[in-house]
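Working notes, beginning with the structure itself.
Nothing in this text is a laboratory measurement; each read-out follows from the coordinates by a stated rule. Please read all numbers here as calculations on a predicted model, not as lab measurements. As a convention, Cβ positions derive from the backbone with ideal geometry for all residues, glycine included, and neighbour counts pool all protein chains shown.
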Amino acid sequence: MDFSLPLILGFAIAAIGVLPPGLINMTAAKVSIVDGRNEAISFAIGATVIVLFQTYIAIQFAKFIYSRQDIITLLQEIGLFLFLAITLFLFWTASKPKKIKQEIKLHSKSNRFFLGMLLSGLNLFPIPFYVFVSVTLSSFGLFYFNSLTVYSFVSGVGMGSFTVFYWYILYFKNHQSKSDYLIKNGNYIIGSITGIISLITFFKLITTNWT
């Protein structure tokens with residue numbers, strides 16, 4: 001497989017996953033406002049380093065269980081219900097949007113890189129998320145557990161995550177209207193995407209059970 005496809009998939013999936021306002025990207029924006037762009041970039045790099053490790057660990061775990069078709073099917077079923085639940089939750093909360101207040105406290109101007117690593121390390125969601133993603137992509141023939149594909153995908157995830165962090169750093173303060181639009185409509189956007197993923201997974205499970 002060409003390295004470009006897993007790179008693009010990793011970039012797109014990571015960017016979509018990180019796009020909604022959350023602790024890490026909002027903290028990156030806050031650091032940019034309080035301490036300046038350079039400190040915020042240092043924070044984003046620290047957070048991205050941990051994302052790279054988490055993604056690699058997730059793929060290695062997925063590789064370990066990939067030979068067990070019963071486990072793969074179970075993961076797909078769990079992922080289906082998970083994404084359905086996320087989709088319903090996002091559309092339900094989207095009807096009651098709340099502007100995220102900048103209440104993140106920053107006590108010291110030093111070690112922004114390590115602060116990024118710390119906050120990113122506390123977020124364990126990427127590991128099960130990328131286990132499910134890599135297994136699902138592999139079931140469609142879009143991902144293989146070889147070194148080139150794995151490193152390309154991990155690199156894409158890192159690039160996608162950092163790109164979104166950097167977007168928050170650059171535009172959150174100076175383009176408040178765009179940020180407000182994202183906050184108000186982000187749930188609809190991500191909810192639509194998770195809904196599509198749920199449908200694809202559902203039809204994949206049906207096809208697998210019929211064959």
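Just a few scattered comments:
- Separation in nanometres of the label points that stand 7 Å from Cα toward Cβ, at L88 and A12: 2.8 nm
- Between L124 and F140, the modelled labels are 2.9 nm apart [label points 7 Å from Cα along Cα→Cβ].
- Pair I65, F114: separation of 7 Å Cα→Cβ label points (nm): 3.4 nm
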